[in-house]
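So the structure is just underneath, and the comments pick up after that.
Bear in mind that the values in this text are calculations on the coordinates, not laboratory data. Owing to the predicted nature of the structure, the values given are computational and were not obtained by experimental measurement. In this analysis, Cβ positions are derived from the backbone assuming ideal geometry, glycine residues included, and neighbour counts consider all displayed protein chains.
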Amino acid sequence: MVFMLLLEFLASFSDDEEVDFPDQIAQLDLDPMSAIFEKPTDNERQHLKVLFVKGRVDGQPMTKILVDGGAAINIMLCPVYRKLGKGDQDLTKTDMMLKYFEGNVSPVKGAICVELTIGSKTLPTTFFVISGKGAYNLLLWRDWIHANCCIPSTMHQCLIHWVGDKIQIVPWDSSYVIASGEADTYEMTRCILGEIWEKDFLKVTDYEIPPIQAVGSDEEF
């Protein structure tokens, strides 16, 4: 929305001050604000950290919320579900099946809708509760990202979302670095892509990449 003002409403200027009025109008632009990511320096982008943010679930503080655009569903770990004071009676039955990286398929315990607050924005969010393991407390997928009008950036370690027509930048959850040595490892990891290499064998230790463990698995591969 744009409001136009007539020239007669323009504030007065001194006689010796030159003012250029190419269009002879003033305007107030109330369109939604634009979100802009600045280009990071080489040191700022040389990491493989995922994006964790802080928030609130039904008013209770929550850390280690993983924002992952590649995930298929919103996930809440069962221990987190219990800490929120929820019981089996609060779950909605579902036929959702979860397939782990190694191919094993298992049913989820159920679904629950909570009031999730990220930054200053609250949105009703449905989570599927699982008993598996994870380096996160909550996992947010594309459904939440799009419904929340949100743009996450793992490279910039923040997300931008619109609150009404205003933008808000939500920084990463720095408490994860304190709680996990693994975060420090990924912070020091160099990116493999973007480099030309000619080797018969790719040694991941050259890039300081740690072993990867699948969610719900005790084995590293």
Please report ASP143, ASP173, ASP95 as a ranked list, fewest other C-beta atoms within 10 angstrom at the top and most at the bottom. ASP95, ASP143, ASP173
Among the lysines, which have Cα under 22 Å from the Cα of LYS93 when same-chain residues fewer than 8 positions away are ignored? LYS83, LYS109, LYS133
Near PRO61, within a Cβ-to-Cβ distance under 12 Å, what is the net charge of the other residues, with Lys and Arg +1 and Asp and Glu -1? +2
Once all Cα-Cα distances of region 43-112 are split into 10 Å bins that start at 0, what whole-number percent is in each one? 14, 40, 34, 9, 2
Can you tell me how much longer the chain between SER153 and GLN89 gets when fully stretched, taken as 0.36 nm per residue apart minus their C-alpha distance, in nm with one decimal? 19.4 nm
Kindly list the residues of region 116-151 that lie in the label zone of PHE37, defined by a backbone N under 19 Å from the point 7 Å along the Cα-to-C-beta vector. 119, 140-151
Please work out how much length the chain gains when fully extended from ASN104 to THR63, using 0.36 nm per residue of separation minus the C-alpha to C-alpha distance, in nm with one decimal. 11.9 nm
Enumerate the lysines that LYS121 could reach by cross-link, defined here as Cα to Cα under 18 Å, with residues fewer than 8 away along the same chain left out. LYS54, LYS64, LYS166
How far is it, in nm, from the label point at GLU44 to the one at LYS166 when both lie 7 Å from their Cα along the line to the Cβ? 2.4
